[in-house]
Amino acid sequence: MRIVIAGGHGQIALRLERLLSAGGHEVAGIIRDPEQADALRDAGAEPVVLDLESATVEAVAETLTGADAVVFAAGAGPGSGVERKASVDRGAAVLCADAAERAGVRRYLVVSSMGADADRAGDEVFDAYLRAKGAADDHVRAKRGLDWTILKPGMLTNDAGTGLVRLEASTGRGPVPRDDVAAVLAELVETPATAGLTLELISGSVPVTVAVKAVAGE
């Protein structure tokens, strides 16, 4: 499979690129900064330089043409303000979904966030982040041309992955290592029966492959 990852230099994205390339897939990562290209190559991914905050849907669709799946893993980052939450966490996610549909790439996975809600109240930057994520998720769910899966991890950590998770429609709050988020995404990419599902993810006691098969009804 050819898999394109938006936000290719993110912490989860780099882990996912390593897993997918090791699994024999052709992987490309969309990045804004050309200086990040070597890190993607080291992870086994082809770097594609494209600014998702200013690109047109046509330009993104051209980048996605020929892919078997798209993973949206971009984010404005913890140091960004309300404006970039809107332009990246919502705007870029909407753009990529529209572009994937235009390019005929049906499989579309989103790294969202637990608590994402377009109607969330509050004036803090984190509230704006969750509103942006929620609005993007709503947009993706409305796409009839996409076989989407939305993954909402709990509190992300850099602890070593255990390969043991809890993956359900509703899990309750909890932490999860980025290693395990990437492992779940790698399984979801190859499990089309998870299309149409919004899933929460935290650390748990079930092996990743078993957890993904369970939500897929396999």
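Read the figures in this text as sums done on the coordinates, not as results from a lab. All of these numbers come straight from a predicted model, not from anything done at the bench. All Cβ positions, glycine included, derive from the backbone under ideal geometry; neighbour counts span all protein chains shown.
Of A193, A160, A118, which is the most mobile in a GNM of the chain whose springs link Cα atoms less than 10 angstrom apart? The residue that fluctuates most here is A160.
Pairs of Lys residues in the chain, spaced 8 or more positions apart or belonging to different chains, with C-alpha separations under 19 angstrom: 6 in total. Taking Cβ atoms as reference points and 12 Å as the exclusive limit, the residues near A61 contribute a net charge of -3, counting Lys and Arg as +1 and Asp and Glu as -1. Here the Karplus relation 6.51 cos²θ - 1.76 cosθ + 1.60, evaluated at θ = phi - 60°, turns the backbone of the range 158-168 into coupling constants of 9, 4, 4, x, 9, x, 10, 9, 10, 10, 8 Hz, with x for every Gly and Pro.
Check every DSSP H run in the chain and write down those whose alpha carbon atoms cover 18 angstrom or more along the long axis and whose mean Kyte-Doolittle hydropathy is -1.0 or greater. Both cut-offs are met by 125-141.
The fewest-to-most ranking of S170, S112 by surrounding Cβ atoms within 10 Å reads S170, S112.
Between T198, T63, T157, the residue with the greatest mean-square fluctuation in the GNM of the chain (Cα pairs under 10 Å linked by springs) is T157. Other residues within the sphere of radius under 9 Å centred on the Cβ of I150, judged by their own Cβ, net out at +1 (K and R +1, D and E -1).
Comparing mean-square fluctuations of E200, E62, E168 from a GNM of the chain with C-alpha springs under 10 Å, the top value falls on E62.
What does the charge add up to near P175, with Lys and Arg as +1, Asp and Glu as -1, over the other residues with Cβ less than 15 Å from its Cβ?
0
Inter-part distance, the range 50-105 to the range 126-163, computed on C-alpha centroids, equals 14 Å. For trypsin sites (Lys or Arg not before Pro), the sites in the range 126-160 that DSSP calls loop and that have at most 13 other Cβ atoms within 10 Å are R144.
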